[in-house]
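The structure appears right after this line, and notes come after that.
The values are calculated or read from the model by the stated rules, or taken from the named source; none is laboratory data. All values derive from a computational prediction rather than experimental measurement. Neighbour counts run over all protein chains shown; Cβ positions are idealised from the backbone, glycine included. For accessibility, only protein heavy atoms count, side chains too; no ligands or nucleic acids. Shrake-Rupley method; radii C 1.70, N 1.55, O 1.52, S 1.80 Å.
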Amino acid sequence: MITLRAMTQNDIEHGYAITQQLKWPHRREDWQQALALGEGVVAEENGEFVGSAFGWRWGEQAATIGLVVVNPQFQGRGTGKQLMLALLEKFPDYNIRLHATEMGKGLYQKLGFEVTGHIQQHQTRELAAVPNVTIPAGLTLRNAQAADADLLIELDHQAHGMWRPALINSLITDYQTVLLQDAKQRVHGFASLRRFGHGWAIGPVIALNVDIAQTLISALMQGLRGEFVRIDTDGALPLAAWLETLGLAQVDAPTTMIRGTPWSPQEGEMQAFGLMTQAMA
């Protein structure tokens, strides 16, 4: 008999152990961040932790679901479906996004999710060459500051319809976040660098165009020669080919699925060239 309950900090070690079994890259710190920004559901059988899943509430209309994990010894018993149903009850009438493995796609389709695209996961175990930073004419590169938070929250929303103030504030205060602005103080894009998984992850990358995105990524790569670097990008946007030239090979391509209405950025507004994570999007 499977029972479900809310996740607590005491569950992180159990969830981390499962992702280690599954060869996922997540560290304990990545689990802690996921719970700090979202809410989790735990599945137990006779008091034993057998699986969990997370949901993130990004405003009153948008949410993401991810980190759906089940102990391999308990797979095939419908545990993943029970976890998903418990999370979906928390987000009635929300537009919900997730990124599915091939194994999970069938379940999500049965739960009302539709395929809208795919994400390309690019990474390198050792960044061989750091790209030059070429700043477009008329723009200035600088580190984001606390006073920029409200604007970056709005620009982040333009790109994918999610309101993520807690995340954006954390990216500014706890990690390295850079932005490009013009002489009138208008921001043309921003991006963040943080520890994640096997090394460093760059994302989100929110920009008006691919040139801005490349400049932001190049700036954050300075000092990362020889390091593990990962970027997850939307397969519909023209960033992947450039990442390949830097030695960041595509290693996975999970399917983007939406339950509800997909977000479409307005012409001339921000686009999400890089994800925070596949789970949080």
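Overall, the accessible surface of the stretch 140-191 at a probe of 1.4 angstrom is composed of carbon and sulfur to the extent of 50 percent. Dividing the mean sequence gap of close Cα pairs (under 8 Å, 6+ apart) by how many residues the chain holds gives a relative contact order of 23 percent. Expressed to the nearest 5 percent, the antiparallel share of DSSP beta bridges inside the stretch 1-118 is 85 percent. Does anyone have the angle between helix 79-90 and the longest principal axis of the chain? Alpha-carbon axes, 0 to 90°, nearest 10? Roughly 60 degrees between the two axes. Antiparallel beta bridges, as assigned by DSSP with both residues in the chain, represent about 90 percent of the total such bridges. Distant-in-sequence amide contacts of H26, defined by a placed amide H-H separation under 5 Å and a gap of 5 or more residues or a different chain, comprise nothing. Here the stretch 1-124 exposes an accessible surface that is 46 percent carbon and sulfur, computed with a 1.4 Å probe and the other protein chains kept in place. To the nearest ten degrees, helix 165-174 and the longest principal axis of the Cα atoms of the chain are 60 degrees apart. Phi angles across the stretch 221-232 convert, under the Karplus curve 6.51 cos²θ - 1.76 cosθ + 1.60 with θ = phi - 60°, into 3J(HN,Hα) values of 7, 4, x, 9, 4, x, 9, 6, 10, 9, 9, 9 Hz, Gly and Pro given as x. Scanning residues 5 or more positions from V205 or on other chains, those with amide H under 5 Å from its amide H are F273, G274, L275, with H placed 1.01 Å from N in the peptide plane.
Accessible area per residue for the stretch 28-166, computed on protein heavy atoms with a 1.4 Å probe, is 48 Å². Taking every DSSP helix (H) stretch of at least 4 residues in the chain, weighting each as -39,500 (n - 2.57) and dividing the sum by the residue count yields a mean residue ellipticity at 222 nm of -8500 deg cm²/dmol.
Put simply, the stretch 120-162 fits an ellipsoid with semi-axes of 26, 19, 11 Å; these come from the alpha carbon gyration tensor as the roots of five times its eigenvalues, largest first.
Phi angles of the stretch 30-40 translate, via the Karplus equation with coefficients 6.51, -1.76, 1.60 and θ = phi - 60°, into HN-Hα couplings of 5, 5, 5, 5, 4, 6, 5, 9, x, 9, x Hz per residue; Gly and Pro are given as x. Ordering of 226-238, 269-281, 118-130 by packing is 269-281, 226-238, 118-130, highest average first (other Cβ atoms within 10 Å, averaged per residue).
Solvent-accessible area assigned to carbon and sulfur over the stretch 207-281 amounts to 46 percent, based on a 1.4 Å probe.
Around the amide H of H118, modelled in the peptide plane, lie the amide H atoms of G235, A236, T256, all under 5 Å away and 5 or more residues distant in sequence or on another chain. Overall shape: rounded for the stretch 140-281, with the ratio a/c of the largest to smallest alpha carbon gyration tensor axis below 1.5.
Using the Karplus relation 6.51 cos²θ - 1.76 cosθ + 1.60 with θ = phi - 60°, the per-residue 3J(HN,Hα) values for the stretch 241-253 come to 4, 5, 4, 4, 5, 8, x, 8, 6, 6, 10, 7, 8 Hz, with x marking Gly and Pro. When Cα extents along the principal axes in Å is computed from the coordinates, the matching label among [x] 68, 55, 36; [y] 63, 40, 31; [z] 76, 69, 35 is [y].
Computed over the alpha carbons of the stretch 58-133, Rg followed by Dmax gives 16.6, 51 Å. Distance distribution P(r), the stretch 124-192, all Cα-Cα pairs, bin width 5 angstrom from 0: 3, 15, 24, 21, 16, 13, 7, 1 percent.
Each listed q (0.31 Å⁻¹) maps to a log10 I(q)/I(0) for the stretch 239-281 from the Debye sum over equal C-alpha point scatterers, namely -1.20.
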